[in-house]
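The values are calculated or read from the model by the stated rules, or taken from the named source; none is laboratory data. If you're wondering where the values come from, they're calculated on a predicted model, not measured in any experiment.
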Amino acid sequence: MTTAIEEREHWVTKQQLADHLQVTRRWIELQQHHGLPYLRMGGMNRYIVSEVEAWIRERYSTTAAPENS
């Protein structure tokens, strides 16, 4: 079971997710093609914010290059 389900996190709409992330709805649509997690329900996509945030951190996190000694 995912953490979201265990904590009973609510599903949000594309607009709610866009507002939360401060991005456009179009950005969210483009990220879905790259694996952004969502569920198709009744002809509309729904999102769990914590899952999306984890996906973004994994995909876009930058790691510092090791320093040469």
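Residues in region 22-49 that are under 10 Å from Trp11 (Cα atoms) and not aliphatic (A, V, I, L, M): 4 in all. Considering region 1-54 alone, what residues qualify as being modelled with pLDDT under 95, aliphatic (A, V, I, L, M) and outside any strand (DSSP E or B)? Residues satisfying the conditions are Met1, Ala4, Ile5.
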